[in-house]
1. Please report, to one decimal in angstroms, the Kirkwood hydrodynamic radius of segment 23-65 built from all distinct Cα-Cα pairs.
2. Please list, by residue number, every one of the chymotrypsin sites (Phe, Trp or Tyr not before Pro) in segment 72-144 that is coil in DSSP and has at most 13 other beta-carbon atoms within 10 Å.
3. Taking 2.2 N^0.38 Å as the expected size of a compact globular protein, what ratio does the Cα radius of gyration of segment 47-170 give against it, to two decimals?
4. Just the Kirkwood number for segment 45-89, please: inverse of mean 1/r across all distinct Cα pairs, in Å, one decimal.
5. Stokes-Einstein at 37 °C, 0.692 mPa s, Kirkwood radius from Cα pairs: D for segment 62-135 in µm² s⁻¹?
6. Amide H neighbours of residue 120 under 5 Å, counting only residues 5+ apart in sequence or on other chains, H built in-plane at 1.01 Å?
Amino acid sequence: MKGEMRIFVVLLALLLPTVALADVKIAKSNRIANEGPGYCAWCALETLGRHHHIKELVGLVESRKKDPDETYLENGRYVTYKANSGYDWTIKAKLDKLGVKYKRTDNFDKTLINQAIENDLGFVISFKRGAFGNSAHAVTGISLDDKEFKYIDPNDPGSTYTATRRSEER
């Protein structure tokens with residue numbers, strides 16, 4: 001499955017004094033299941049909020065369902081962004097409105113992710129693929145190293161998934 005991968009990481013500003021030596025352990029009771037038409041980014045954020053007892057993020061998905069779609073004039077035409085969509089700017093606006101502190105990156109530098117893992121925080125990561133970035137998904141990351149990436153998928157929050165790294169032969 002080839003395609004562009006774009007990362008946004010949300011590291012909740014909870015500087016915990018202990019360093020995790022393993023995966024971030026998120027109880028199944030704190031994992032939020034995705035709902036149609038697709039609230040995966042909001043589910044991943046609420047999962048972290050519940051894990052860290054951040055009251056502003058508990059009920060985030062239900063809150064987002066009540067937010068209106070937003071229409072903007074872009075390049076001479078009107079474009080409507082659905083409330084369920086987890087665009088970088090919609091996530092930033094919602095977290096800012098709720099007063100939740102976070103850090104984000106949209107590059108491939110793993111520094112922020114490593115900090116999130118070392119501090120037992122977890123992180124949200126999104127993937128886009130397709131020529132026009134028309135397919136996207138977000139998950140809750142719990143571990144990332146040179147060999148594998150472990151995550152909780154809101155489409156199946158009862159499980160933990162592992163993706164391994166492998167080099168492509170050309």
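1. Result for segment 23-65 stands at 10.3 Å.
2. Passing both the DSSP loop test and the Cβ count: 108, 132.
3. Details: Rg = 16.4 Å, N = 124, 2.2 N^0.38 = 13.7 Å.
For segment 47-170, the normalised Cα radius of gyration comes out at 1.19.
4. Kirkwood hydrodynamic radius for segment 45-89: 12.1 Å.
5. 222
6. Amide H to amide H, under 5 Å and 5 or more residues apart or across chains, residue 120 pairs with 20.
Since every read-out is calculated from the coordinates, none of them should be taken as a lab result. All figures in this text were calculated on a predicted structure; none of them were measured in a lab. Don't worry about glycine lacking a Cβ; one is built from the backbone with ideal geometry, like all the others, and counts go over all protein chains shown.
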